Amino acid sequence: MKAKDELTDIMPELEKEFGEFGSKQWESSMEEARSFYTGQILRDVRKEAKVTQSELASRLNVAKSYISRIENGLITPSVTVFYSIIESLGMRVEIIKPVV
């Protein structure tokens, strides 16, 4: 029996689900996860700003379905589009170098 505070290696389980670490299958799975996460961030920011998908699409001169696909993680916006979305919602992205 494991001690309560003993760590468990979850890599074998992750590799069963997503393929061997570093493989094409693994990288594809991680890309899907990043797209999903990016979409969730953008959706949350949009909702916090009390802006509908239609309003945001109009501000960016794109189709509402494009915003929906981004928010659902079906496509990943380019960095330029990501920043345009954030800026059009009256927010900004701040990149901070960690203190070491």
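Below, the figures for the structure above:
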quantity	calculated
C-alpha long axis of helix 79-88 to longest principal axis of the chain, angle in °	60
Dipole magnitude of the range 1-90, debye to nearest 20 (Cβ charges: Lys/Arg +1, Asp/Glu -1, about Cα centre)	600
Cα-based Kirkwood hydrodynamic radius, the chain, one decimal, Å	16.0
Heavy-atom accessible area per residue - the chain, 1.4 Å, Å²	78
Rounded if a/c under 1.5, otherwise prolate or oblate - the range 38-89, Cα gyration tensor axes	rounded
Mean Cβ count within 10 Å, highest first, over the residues of peptides 59-68, 8-17, 90-99	59-68, 8-17, 90-99
Share of carbon and sulfur in the accessible heavy-atom surface of the chain [1.4 Å probe, %]	56
Structure-based [θ]222 nm, the chain - -39500 (n - 2.57) summed over DSSP H runs of at least 4, per residue, nearest 500	-18000 deg cm²/dmol
Whole-number percent relative contact order across the range 13-100, with pairs defined as alpha carbons under 8 Å at least 6 apart	27
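The values are calculated or read from the model by the stated rules, or taken from the named source; none is laboratory data. Since we're looking at a predicted model, the values are computed, not measured. Note that each Cβ is placed from the backbone with ideal geometry, even for glycine, and that neighbours are counted across all protein chains shown. Protein only, heavy atoms only, side chains kept; ligands, DNA and RNA dropped before computing areas. Shrake-Rupley method; radii C 1.70, N 1.55, O 1.52, S 1.80 Å.
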